[in-house]
Amino acid sequence: MRTFIYFSIGILFGVVLFKSEVASWFRIYEMFQFDSFHMYGVIGSAVFCGALSLFLLKKFQVKSILDGEEIRIAPKQNVWKRYLFGGVLFGLGWALAGACPGPMFTLLGAGFWPVLLILFSALLGTYCYGFFRDKLPH
Amino acid sequence: MLNYFLQPWPWYIGGPLIALVLFLLVWTGKSFGMSSNLRTLCSAMGAGGKVPFFRFEWKRQSWNLAVAAGTIVGGFIASQFLSSTTAVALSTDTIEKLYVFGFTDAGQSFMPEYLFGADMLSQPKSWLLLGMGGFLVGFGARYAGGCTSGHAISGLSNFQWPSLIAVIGFFIGGLFMNHFILPFLF
């Protein structure tokens, strides 16, 4: 049952990523060229609505609907190097492959098979991070 | 109405619906982060044998794999049944710039044929570019502890300043690639 709920949320996410064109390589290129408001509108309105809903969840101390536990959002670490360096590397890849992890899955379902190459190399990249983790500045 | 639904959705529909996904995941006691699935998949494939970073109870993350599986199915449904056109209505400036790169399908298709078409299999350069891009996305997302969903959407919505640093990083890297490296690659 729970798996089905999360699977359904995923379907909604996949449909939205495709229909709002966030998964399009072209839209990512256009965003970094500042040629269109589209991507900024999507991200901006998502953050605006997201902030509003998280604020309300916290204000009314809403409990998790599935198990009644307190809703807790994991804090991020109080450092900056990993976020900046990791962020820059991610950005380089995002602008090149035109796909971040969510859209990778969407594009796979939409039948763009070369995305498998992106996905496998993203897994390799994740593995390499884990391998060199202790040697990297965080 | 249906006709409108089958057209590409404007930003003011897409953005709030992404926020709805964030809301549903938080409301059910989870979090919004797609790149975590890459770590989970590495663990599931046995990466924990050699690297401690992948030694965790990955099965507790199976809910997120279900989200990822749904995302795949959602992409299938949207492209097969919910789209009267998959052409992306790009700005004319972008279409002109991409034309110079030789991307003549800009504005007419969802993805560039050069990188994602059937012929790309015979183009070693396309392999290399997608492979490099994917590697950087995977490495960078884990290094930064999140991707667009975890930092740009979830983190900024929660006013977490580390996420703001990560998003600034995304744009430093993205702008550099887009303006200074891509022109030399195509």
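The values are calculated or read from the model by the stated rules, or taken from the named source; none is laboratory data. All figures in this text were calculated on a predicted structure; none of them were measured in a lab. Because the Cβ atoms are built from the backbone with ideal geometry, glycine has one as well, and the counts that use them run over all protein chains shown.
Of all residues in segment B:118-129, how many are more than 8 Å from every other protein chain (Cβ to nearest Cβ) and either modelled with pLDDT of 95 or more or surrounded by 16 or more Cβ atoms within 10 Å (Cβ to Cβ) (or both)? Of the residues in segment B:118-129, 1 are more than 8 Å from every other protein chain (Cβ to nearest Cβ) and either modelled with pLDDT of 95 or more or surrounded by 16 or more Cβ atoms within 10 Å (Cβ to Cβ) (or both). Note on segment B:34-102: enclosed helices (runs of 4 or more DSSP H) holding 2 or more residues that are of a type in the set (Val, Ile, Thr) are B:62-81, B:92-101.
Checking B:MET132, B:MET111 one by one, the residue that is crowded, with 20+ Cβ neighbours inside 10 Å, of a type in the set (A, V, I, L, M, F, W, C) and farther than 30 Å from A:ASN78 by Cβ is B:MET111 and no other.
So that you can scan it fast, the table gives a plain yes or no per residue for (1) under 14 Å from B:LEU38 (Cα atoms); (2) surrounded by fewer than 24 Cβ atoms within 10 Å (Cβ to Cβ); (3) in contact with a Leu (Cβ under 9 Å, 6 or more places away or on another chain):
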| position | (1), (2), (3) |
| --- | --- |
| A:LEU89 | no, no, yes |
| A:LEU96 | no, no, yes |
| A:PRO103 | yes, no, yes |
| A:THR106 | no, no, yes |
| A:GLY109 | no, no, no |
| A:LEU124 | yes, yes, no |
| A:LYS135 | no, yes, no |
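Screening the candidates A:TRP113, A:TRP80 for the property of being of a type in the set (Phe, Trp, Tyr), over 18 Å from the mean Cα position of the chain (by Cα) and farther than 20 Å from A:PHE13 by Cα yields one hit, A:TRP80. Number of residues in segment A:3-15 that are more than 13 Å from the chain's Cα centre (by Cα) and either within 16 Å of B:MET34 (Cβ to Cβ) or within 7 Å of chain B (Cβ to nearest Cβ) (or both): the value is 9. All conditions but one from (1) closer than 19 Å to B:PHE171 by Cβ; (2) free of Cβ contacts under 8 Å to residues at least 60 places away in the same chain; (3) of a type outside the set (Val, Ile, Thr); (4) surrounded by 20 or more Cβ atoms within 10 Å (Cβ to Cβ) apply to A:PHE48; the one that does not is (4).
Of everything in segment B:153-163, what is surrounded by fewer than 24 Cβ atoms within 10 Å (Cβ to Cβ) and either under 19 Å from A:LEU57 (Cβ atoms) or within 7 Å of chain A (Cβ to nearest Cβ) (or both)? Give them in sequence order.
Narrowing segment B:153-163 to residues surrounded by fewer than 24 Cβ atoms within 10 Å (Cβ to Cβ): B:156, B:158-162.
B:LEU156, B:ASN158, B:PHE159, B:GLN160, B:PRO162, listed by residue number.
The single condition among (1) out of contact with any Leu (no Cβ under 9 Å at 6 or more places or on another chain); (2) touching a residue at least 60 places away in the same chain (Cβ under 8 Å) that B:LEU121 does not meet is (2). Number of residues in segment B:53-76 that are without any contact (Cβ under 8 Å) to a residue 24 or more places away in the chain and more than 8 Å from chain A (Cβ to nearest Cβ): the value is 6.
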